[in-house]
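Report on one structure; see the data block that follows.
Each value in this text was obtained by applying a stated rule to the coordinates, not by laboratory testing. Not measured: the values here are computed from a predicted model. Because the Cβ atoms are built from the backbone with ideal geometry, glycine has one as well, and the counts that use them run over all protein chains shown.
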Amino acid sequence: MPEDATHEGPRKEYEKTMKREVTKKVGSMTLVVTEDTYDKALTAFNIGVAGAELGLTVTMFFTSRGVNILRQSYKPRRARWGEAPIGWKESSIKRRGGPILAELMYQAKDMGVRFYACYTSMISQGLDEQMFISGIKVMRMVEFLEQSLDSDVHYTIG
């Protein structure tokens with residue numbers, strides 16, 4: 001999700017979702033994202049946005065290769081050789097009226113989904129905090145585990 005890729009069109013498309021009224025908070029959800037492929041990232045953000053729509057407090061923790069998704073210069077990669085190019089996938093999704101990854105990332109951020117990067121994974125990937133999009137908190141695994149103990153629902157995307 002490059003910082004300069006703000007598009008007003010997609011944002012307007014999901015404004016009605018952003019205004020959905022939820023009468024009460026029903027709990028919390030934690031997503032652990034361990035891979036940086038396009039399909040895994042799209043799945044993680046789809047689930048995160050859906051949870052936020054339901055009124056859940058959503059936390060996304062990016063570890064292993066998943067920390068790459070939080071990079072300012074993130075370029076999604078294909079899961080395997082021979083798979084359709086990312087551009088083709090996104091144009092197909094848009095043609096059918098679905099949201100692409102960058103739109104879901106902006107939507108999740110706008111809806112208050114919390115993003116955390118694993119400190120150990122960040123170091124092992126050779127990244128530093130300045131390489132991430134704004135609003136990312138870096139935490140150690142033990143801090144994440146302590147925080148996630150109170151979560152009602154846990155998903156691992158990897």
### Task
Estimate the FRET efficiency between Glu129 and Lys75 by the formula 1/(1 + (r/R0)^6), using the beta-carbon distance for r and 25 Å for R0, to the nearest 0.05.
0.80
### Query
What order, most packed first, do the peptides 80-89, 41-50 have when packing is the mean number of other Cβ atoms within 10 Å of each residue?
41-50, 80-89
### Query
Size of segment 63-147 along its principal axes in angstrom, Cα-based, largest extent first?
41, 32, 23
